[in-house]
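Read through the structure below, which is laid out as structure tokens, and then see the notes.
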Amino acid sequence: MLHGKAGQAPGDDLVVRGARVLDAAERLDAVLDVRVDNGVVSQLGEALDANGHRVIDGEGLVLAPAFVDPHVHLRVPGGEDEETIASGTAAAAAGGYCAILAMPNTDPVVDSSSVLGSLIEDARTEAAIPVGFLAAITRGQEGSELTEMVELAEQGAAGFTDDGRPVVAPALMRRALQYHGITGRRLALHCEEPTLSKGGQMHEGAVSAELGFTGYPSVAESVMVERDLSLAAYEEAQLHLLHLSARESVDALRAARAKGVAATAEVTPHHLCLTDDAVRSLDSNLKMNPPLRSAADRYALIDGLKDGTIGSVATDHAPHARHEKEVPFEAAPFGVTGLETAFAALYTHLVEPGLVPLETVLERMSTGPARAYGLDEPRIAVGAPANLVLLDTQRAWRVEEDGFRSRSANSWLLGQTLRGRPTLTVAAGNVAFQA
Amino acid sequence: MGQIHVMREGYLPPREPPQRHLISIGDLEREDVERLLSTAASFSRSLEREVKKLPTLRGRTIVNVFYESSTRTSSSFELAAKRLSADTMSIKAAGSSVDKGESLKDTALTLGAYDPDVIVIRHPQIGAPHLVARYTDARVVNAGDGKHQHPTQALLDLYTIREEFGRIEGVHVAIVGDVLHSRVARSNAQALALMGAKVTLVGPPPLIPRGIEALGCEVSYDIGAIADSDVIYVLRMQRERMAEGANYVPSLREYTARWGVTPERVRPGQKVMHPGPMNRGVEIDPRVADAADALIETQVRAGLVVRMAVLYDLLTTGPVPVEAPEPLEVA
């Protein structure tokens, strides 16, 4: 399901010395040396023999399983001025990711084996880290005909989604839930009732009332979440809910999971860190779909992340050309970047204030998304492929427009000082990034 | 976006003060409004003189850029600038490079190259004045941005109310109609609340935005709620903004029957205001519009002196003189 250069080159040899090694799934939290031989974790212990390997000083740093981002817009084909496989995966590596999943709402849409095939081909030469490609649920993401899911899955699609758009017709949604099961891949849903969100620029509430923006009410998301959970329950199908933003959606998901519905979900760093109050600045880098919501919604998302209702953090990294965002808020496209700032944002805004434990953030950025899509979970264990991230949680850094590896800089964090920055990323046995 | 400081003296750091703009009522303090209204009053006295032109802003350049049609706002800004002897230039979107697809940023950079002292902008999109403020060195006056703000309208309405009642504090104003699509309603509710007036928003539920009470006003869906007010402020029923099939109200007929301001619903002595242009027979009965208690023409006259005061205030830093400035000597 993942594609890249891995397997083409021998794995790296290295020793990370004296870092706090944190892997909740392995029940590991200790200051240790970790040795990697030929891209595979070979030894964990104290004062390990470097054996001539490259030694990386991890003192004072945290070593964790590298991150998996289940929601990235690589913009290829069609938007190469905004991002490419090379720039997007380099940005991901700098953000501590060892794998990412790319969304199919490109131009043309990834809905046929020819488009998917060329992406997989390009990833073999361009990708800095392994990348998976989701294919569309419906042809052209137009919501009328299903794509050839079995063929696309056999060719290597990592899952199916019409992200950016909902599957509006309930009957078609039902068919997709029935059919996709035989592919063994996940169906990922963008939940938005389009007649309720029509024209919406930001969350509907006191701030939109004051600013005069057409509201995009939280119920536009939650009615669709409730519909899709009902259909999944009826069909006993699995589904993954993309970028949840509303308290009612979290409540509906929690209730459905308690009844045994096989639903997973993700949430973005910006929805976890911000509320609609931030939109008062009228900064177009605060415009995204779904929109930033109220404080009550934000805390419901944080609670959902903590109790595992929401198992994954996803950046929804959505690069946009500079001129597209240098317009009045209403004219700007939806979307913000996030690959290079996700951990630092969560560390600074959730871990440091004591809202979410570090272990939970690390788990939801790595194991959680891998499990949601049935990918191999990054582990720090002897014999496991090396997928590691070394994190500096002490040194403050400032998010600058010219500091990105991404081709776009439409970050909601520009100018902010953050803590928590990856200094080394090992992806599928190879060093993909070193600060 | 960099933070925009707007007419807030206390905000100014000691060196290199940030540019002063008038973009939103929310950026003003009560004393800013007091100062602007008393400046407007002094200009009003000066306009009673035979020679109405004042030399105050001689040599200054004021550019009016209107991306939406407007009669009273654009003419009143232009006349205000001329009364203060500023050089003015008015640009309408139709027939300009905007028609050729030029971005607002590029238009702002182009106009900025002439070093104007003030850019007055009306634009259909919220935040357009902020964008212009970001890309030029000029002081920016918002003459209406989408459904967001129309601060000079709110100031002229405050001026009108103060002229009529001698005060603003404690005056009860009922704002009636399509609040959802109205920048006038938003600016006025904020400005009136800032000055201590009581505000009640009245209209059909779909046209009252959810959460608007946070501006410091009350909400009623019953036209009867206007009975207790000192001022009935009637909003234009913005047909051009009512998208087809949106169903905010079933019909204009039902709107007029249920929320129209008719003589039967107006108590003697109650004052009636309207930002114009009016839809006679829709939101306001013609008999109400033409009655002696209507302040609608007073509002238009107030618009001139208030806009003079805004331009003057932005371009001068010292305190406002109590006496009106000397009139320009005409050769």
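None of the figures in this text is laboratory data; all of them are computed from the coordinates on show. If you're wondering where the values come from, they're calculated on a predicted model, not measured in any experiment. So basically every Cβ, Gly included, is an ideal-geometry build from the backbone, and we count neighbours across all protein chains shown.
Close amide-amide hydrogen proximity is noted between residue A:101 and A:69, A:71, A:72, A:132, each under 5 Å apart and 5 or more residues distant or on a separate chain (H modeled in the peptide plane; Pro and chain starts excluded).
Computed FRET efficiency, Cβ-Cβ of residue B:291 and residue A:416, R0 60 Å: what is it to the nearest 0.05?
Numbers: r = 57 Å, r/R0 = 0.94.
Given R0 = 60 Å and the Cβ-Cβ separation, E is 0.60.
Work through the residues other than residue A:333 whose Cβ is under 9 Å from its Cβ and net out their charges, Lys, Arg +1 and Asp, Glu -1. Value of the local net charge: +1. Residues considered: A:255, A:136, A:188. Largest GNM mean-square fluctuation over chain A, using C-alpha springs under 10 Å, is found at A:255. On a 0 to 90 degree scale, rounded to 10, what angle separates helix A:85-94 from the longest Cα axis of chain A? Taking the Cα atoms of chain A, the angle to A:85-94 is about 60 degrees. Region A:177-196 and region A:338-358 have Cα centres lying 29 Å from one another.
In loop segments of region A:218-325 as defined by DSSP, the trypsin sites (Lys or Arg not before Pro) with at most 16 further C-beta atoms inside 10 Å of their C-beta are A:259.
Given a cut-off of 19 Å, name the pairs among A:198/A:287; B:52/B:92; B:198/B:271; A:325/B:105 whose C-alpha atoms lie farther apart than that in the structure shown. Could you put the intermediate results ahead of the total?
Values: A:198/A:287 15 Å; B:52/B:92 27 Å; B:198/B:271 15 Å; A:325/B:105 11 Å.
Among A:198/A:287; B:52/B:92; B:198/B:271; A:325/B:105, the Cα-Cα distance tops 19 Å for B:52/B:92.
Computed over region B:151-298, the P(r) tail beyond 20 angstrom holds 41 percent of alpha carbon pairs.
Among the GluC sites (Glu not before Pro) found in region A:262-348, not one is both in a DSSP coil and sparsely packed, with 10 or fewer other Cβ atoms within 10 Å of its Cβ. On the principal axes of its alpha carbon atoms, chain B extends 54, 46, 39 Å, with the longest extent given first.
When the scattering of the protein assembly as shown is computed by the Debye formula from its Cα atoms alone, each counted once and equally, what is log10 I(q)/I(0) at q = 0.05, 0.06, 0.08 Å⁻¹? Normalising to I(0) and taking log10 leaves -0.32, -0.45, -0.74. Rounded to the nearest Hz, the phi-derived 3J(HN,Hα) couplings of region B:150-156 under the Karplus curve 6.51 cos²θ - 1.76 cosθ + 1.60 (θ = phi - 60°) are 8, x, 6, 4, 4, 5, 6, where x marks glycine and proline. Peptide A:319-327 has a mean shielding of 2, counted as Cβ atoms of other protein chains within 10 Å of each residue's Cβ. When only the Cβ of Lys, Arg, Asp and Glu is charged (+1, +1, -1, -1), the dipole of region A:252-393 relative to its Cα centre reaches about 420 debye.
Kindly provide the helix-only [θ] at 222 nm of chain B, computed as the sum of -39,500 (n - 2.57) over DSSP H runs of four or more divided by all residues, to the nearest 500 deg cm²/dmol?
Values: 9 runs with 105 residues, N = 331.
Calculated mean residue ellipticity at 222 nm is -10000 deg cm²/dmol.
Of the residues A:335, A:362, A:375, the one whose Cα sits farthest toward the positive end of the charge dipole of region A:267-414, with +1 on the Cβ of Lys and Arg and -1 on the Cβ of Asp and Glu, is A:375.
How high is the relative contact order of chain A, in percent, with contacts defined as C-alpha pairs under 8 Å that are six or more residues apart? Show your work: numbers first, answer last.
Working: 1113 pairs, mean separation 87.6, N = 435.
The value is 20 percent.
For region A:83-99 and region B:241-296, what is the separation of their C-alpha centers, rounded to whole Å? Each part's Cα centre sits 59 Å from the other's. As a calculated quantity, the FRET efficiency between residue A:322 and residue A:376 at R0 = 41 Å, using C-beta atoms, amounts to about 0.65. Along the charge dipole of the protein assembly as shown, Cβ charges K/R +1 and D/E -1, which of A:430, A:11, A:261 sits furthest on the positive end? The one lying farthest along the dipole's positive direction is A:261. Taking chain A as a Gaussian network of alpha-carbon nodes connected by springs under 10 Å, the highest mean-square fluctuation of the residues A:119, A:211, A:32 belongs to A:211.
Here region B:151-298 is assigned +1 on the Cβ of each Lys and Arg and -1 on the Cβ of each Asp and Glu. Its dipole about the Cα centre then comes out at about 220 debye. Mean per-residue shielding of peptide B:124-135 is 5, counting Cβ atoms of other chains within 10 Å of each Cβ.
Subtracting the Cα-Cα distance of residue B:164 and residue B:102 from their residue separation scaled by 0.36 nm leaves 17.8 nm.
In loop segments of region B:204-283 as defined by DSSP, the GluC sites (Glu not before Pro) with at most 15 further C-beta atoms inside 10 Å of their C-beta are B:244.
Extending 7 Å from Cα along the Cβ direction at residue A:395 and again at residue B:316 yields two label points whose distance is 5.5 nm. If you plug the beta carbon distance of residue A:258 and residue B:221 into 1/(1 + (r/R0)^6) with R0 = 41 Å, you get a FRET efficiency near 0.55.
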